[in-house]
Structures are given as C-alpha cells and as structure tokens.
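S.K.: Structure below; questions to follow.
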Ligand SMILES: [Zn+2]
C-alpha cells in the first residue's frame with residue numbers, strides 16, 4: 001500500500017482538536033489520512049511515500065456539496081434569469097425532465113461530478129429526482145462511480161410526466177446493486193419533498209417513506225422545505241418521531257420558531273442553499289443561518305440547480321457570508337430584526353466541509369483532515385495572481401480562491417486533479433457527449 005506525503009503547506013484541518021498548522025505535513029496511506037503534523041518525514045509510514053511539496057499552498061479538506069440536482073448539468077445556465085421557483089418547476093421539472101433518457105442522466109450527472117471535483121468538491125450529494133425508470137437511477141449512480149467522487153445518490157421519483165412508478169420500491173434493489181459502488185465511494189439515501197404542494201402526495205416525506213428508509217437503514221434528504229406548510233409538516237414529524245440526525249432538511253427558509261425548536265431538539269441536520277434561496281427567492285429568500293445557529297444546528301451548504309445558479313462552493317460561502325453580515329448590520333441600523341452575531345470566514349468554511357459531511361451522513365468518515373479519516377483533500381496555490389501573498393489561509397480559501405487555484409484534488413487517497421487539471425478526463429470527448437445530449441433534449445422539446 002503506497003502513500004503520499006504532502007509537505008510544507010499551510011494546513012487547515014477544520015478539526016477543532018488539531019487546529020491549523022502554519023506549516024505542516026499531511027501523510028496519506030491507502031484511502032486514509034495517517035497523520036497530520038509539523039514534520040512527518042521520519043514517520044515510519046512516510047518511508048516509501050511519494051512526496052508532494054506543498055510549500056506556498058494551502059492544504060484543506062475537500063468541500064462537501066449537500067444537495068445538487070446533478071442530472072440537469074447539460075442544461076446548466078439555460079434559465080439564468082428565472083423569475084421564481086414556479087417558473088423553474090414548470091420549465092425544468094415540467095418540460096425538460098420528462099425528455100431525459102438514462103443516457104442523459106449519465107451525461108448530466110457525470111458532468112456535474114467532474115465540475116465539482118475540478119472546483120475542490122470531493123463529496124457531492126446528488127439529489128437525483130428524475131428516476132423515471134430503474135435504468136435512470138442506475139445510470140446516475142454509474143456516473144458518480146465513474147468519476148471517482150465521493151457520491152451520495154439520493155433517489156427520488158420525478159415530479160411530472162410518465163414514469164414507471166418503480167420508486168420507492170426500487171430502492172431495495174438500488175441498495176443491493178449499488179451501495180458501496182465506485183470502490184466504496186457511493187452511498188445511497190432516500191430523497192423526498194417536504195409537502196404535497198409541488199408534486200402531490202407520493203413524493204412527500206411522512207411515515208410511509210420514513211418506513212422505507214428505516215427498513216433499508218438509509219438517511220433521508222428532504223427538499224423544498226419552506227414556509228408555513230413545511231413548518232406544520234415538521235411539527236407533525238416531531239410528533240411521530242421522524243426528526244433526527246439521519247434527516248436533512250434543505251433550504252429551511254421562512255420556517256416557524258416552533259419548527260426550528262423541534263429541529264434543534266432532535267439534532268436534525270440542515271442544508272442551506274444560499275444562492276438558490278436568495279436568487280430564485282425561496283420563501284423569505286434569506287438563507288436561514290441565524291435561525292439554525294440559534295437552535296444549535298450548524299448547517300451544511302449546497303449548490304442546488306445549475307440551470308440558474310453557479311456550480312461551486314466558493315460562491316455559496318461568499319454569498320452566505322455577505323447575506324448574514326448584511327442582516328447583522330441592518331439589525332444594528334434599526335431594521336427591527338434581531339441582531340445576530342456576525343459569522344466568520346472560518347464558520348462558512350466549517351459549513352462547507354465538516355458540517356457538510358455530517359449533513360450528508362458522512363460525518364464519521366470525511367470533512368476534516370484528521371488521522372483515520374478518509375483522505376479527501378485539496379491543495380490550493382497561494383502564489384497565484386489572485387491569492388498572493390499568503391496572509392491568512394482561511395481568508396484565502398473563503399474570499400480569495402477559485403477553482404483555477406486548486407492544483408490537486410484527492411478523494412480517498414486517489415488524485416483526481418493534478419497540476420490544475422482533472423486526471424484521466426478527455427475534455428474534448430466530454431464536450432462532445434454533453435453537447436450531443438443537450439442538443440437531443442432541446443430538439444425533443446421543440447417536438448413536444
Ligand atoms: Zn433542490
């Protein structure tokens with residue numbers, strides 16, 4: 001079993017027990033981090049390790065995207081100025097989704113996963129809500145496995161149009177066939193909506209879907225959680241013992257104080273989608289970070305839909321930081337709203353890594369640079385024109401860097417991006433495949 005020794009970088013572990021190292025080493029063996037320390041060159045496991053000099057770089061955990069509808073990626077930015085949620089639902093879920101073949105599911109999901117890896121996202125929860133047939137699900141999972149990302153396939157049936165009605169019954173087969181696919185990197189979750197408002201009762205979370213998840217030992221991610229109706233649903237879930245750490249509520253905008261209290265008391269996890277909440281305008285349109293923190297929930301972050309939003313975690317971290325601080329300052333200037341403490345760059349980096357891992361059900365295995373954890377990490381050049389000179393590694397990661405500065409991406413000890421380029425990906429071939437799929441979908445829209 002060979003290893004890798006990353007030497008001399010500024011190491012941001014995001015592990016509160018270890019803290020950061022101004023200059024340090026990270027030793028990887030197989031799929032795990034063996035040690036993090038000031039100088040590991042004499043560590044017994046370093047003897048035959050490949051040495052990577054990370055001087056002048058920041059070494060950090062890979063980002064965790066806790067909710068993205070990956071299948072849509074070949075339609076990315078097709079509705080950049082979409083006016084609201086209803087318009088997105090009518091166009092992308094109502095018109096485009098029914099045109100997707102299993103192959104289109106594969107192409108979109110693979111493109112999203114590769115884009116995530118390129119931007120330093122080592123774990124992506126694919127909220128795959130276009131499972132029209134068993135083959136659609138299989139293709140989406142195969143795409144995750146083929147890219148080498150740590151992929152969470154959260155499976156849900158489609159909102160509209162013809163489909164096989166194989167979900168959620170097919171989940172048992174999905175687990176048998178695919179749990180641990182991609183050499184252990186793929187895990188399965190159940191996905192659902194908060195209420196029956198968007199697509200009827202069959203997709204709405206409640207005791208039936210919770211029973212399916214429990215029987216298979218699956219975590220659950222619930223999308224479209226907002227407003228009075230979701231608040232009511234959350235209180236009914238509290239009454240029937242359906243809240244808890246295995247449940248992730250996505251968006252969580254405009255919820256009632258009672259709903260938040262129930263979520264906090266049960267350790268329910270929350271995924272904020274800052275650009276989605278604000279730009280598409282979900283309920284109150286304000287990412288609910290202060291509400292979450294007030295009840296002791298540290299949220300994960302997510303990208304949501306590439307059809308109208310950016311694809312990377314830097315955008316999410318900066319959007320959330322700016323909106324939360326705007327809110328805090330407005331409170332000081334008499335908006336009448338409560339005045340929350342200002343969050344920090346380290347807070348948003350924590351949300352984008354460690355808390356994201358917990359939120360995606362992977363808090364024991366990834367999200368920090370800690371001995372024993374999976375080796376999911378990024379190496380960021382702090383000597384580029386936009387990152388030099390290195391004064392504060394967390395500030396550089398959150399405010400300065402973007403995907404171009406990410407030199408190396410490692411998932412489970414395997415290098416997926418090196419010298420600033422995705423490893424083993426034929427970009428010309430990818431472009432051809434993506435364009436052909438996009439063209440076929442658009443042509444079929446014309447036929448109606
Ligand atoms: Zn969503």
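S.K.: Taking residue 281 as meeting all but one of (1) under 20 Å from residue 227 (Cα atoms); (2) within 15 Å of the ligand (Cβ to nearest atom); (3) buried (at least 24 other Cβ atoms within 10 Å of the Cβ), write down the number of the exception.
M.R.: Here residue 281 clears every test but (3).
S.K.: Every residue in region 22-43 that is surrounded by fewer than 21 Cβ atoms within 10 Å (Cβ to Cβ) and out of contact with any helix residue (DSSP H, G or I) (no Cβ under 6 Å at 6 or more places or on another chain), please.
M.R.: The answer is 22, 23, 30, 31, 32, 35, 37, 38, 39, 41, 42, 43.
S.K.: Follow-up question, since we're still on this one. Would you mention how many residues in region 413-433 are free of Cβ contacts under 8 Å to residues at least 12 places away in the same chain and in a helix (DSSP H, G or I)?
M.R.: 5
S.K.: Sort through 137, 155, 131 and tell me the only one that's under 21 Å from the mean Cα position of the chain (by Cα), modelled with pLDDT of 95 or more and either on the phi > 0 side of the Ramachandran plot or away from the ligand (no atom under 16 Å from the Cβ) (or both). Talk me through it step by step, then tell me what you get.
M.R.: Details: 155 fails: either on the phi > 0 side of the Ramachandran plot or away from the ligand (no atom under 16 Å from the Cβ) (or both); 131 fails: either on the phi > 0 side of the Ramachandran plot or away from the ligand (no atom under 16 Å from the Cβ) (or both).
The unique qualifying residue is 137.
S.K.: Would you point out the residue of region 158-183, among those that are at positive phi and in contact (Cβ under 8 Å) with a residue 60 or more places away in the chain, that is surrounded by the fewest Cβ atoms within 10 Å (Cβ to Cβ)?
M.R.: Checking each candidate, the answer is 183.
S.K.: For the structure I just gave you, tell me whether residue 126 is at pLDDT below 95, closer than 26 Å to residue 410 by Cβ, in contact with a strand residue (DSSP E or B) (Cβ under 7 Å, 6 or more places away or on another chain) and not in a loop (DSSP other than H, G, I, E, B). Let's see the steps before the verdict.
M.R.: On the way: at pLDDT below 95: no; closer than 26 Å to residue 410 by Cβ: yes; in contact with a strand residue (DSSP E or B) (Cβ under 7 Å, 6 or more places away or on another chain): yes; not in a loop (DSSP other than H, G, I, E, B): yes.
No.
S.K.: Something else: Find the helices (runs of 4 or more DSSP H) located wholly in region 196-275 whose residues include 2 or more that are within 16 Å of the ligand (Cβ to nearest atom) and either farther than 30 Å from residue 90 by Cβ or touching a residue at least 40 places away in the same chain (Cβ under 8 Å) (or both), and list them.
M.R.: Those helices (runs of 4 or more DSSP H) do not exist here; none qualify.
S.K.: Answer yes or no: is there a residue in region 125-133 that is surrounded by fewer than 21 Cβ atoms within 10 Å (Cβ to Cβ) and in contact (Cβ under 8 Å) with a residue 12 or more places away in the chain.
M.R.: yes
S.K.: Of these, 332, 305, which one is over 18 Å from the mean Cα position of the chain (by Cα) and either within 15 Å of the ligand (Cβ to nearest atom) or surrounded by fewer than 24 Cβ atoms within 10 Å (Cβ to Cβ) (or both)?
M.R.: Residue meeting the stated conditions: 332.
The values are calculated or read from the model by the stated rules, or taken from the named source; none is laboratory data. Quantities reported herein were computed from a predicted structural model and do not represent experimental measurements. Ideal geometry is used to build each Cβ from the backbone, glycine not excepted, and the neighbour counts take in all protein chains shown.
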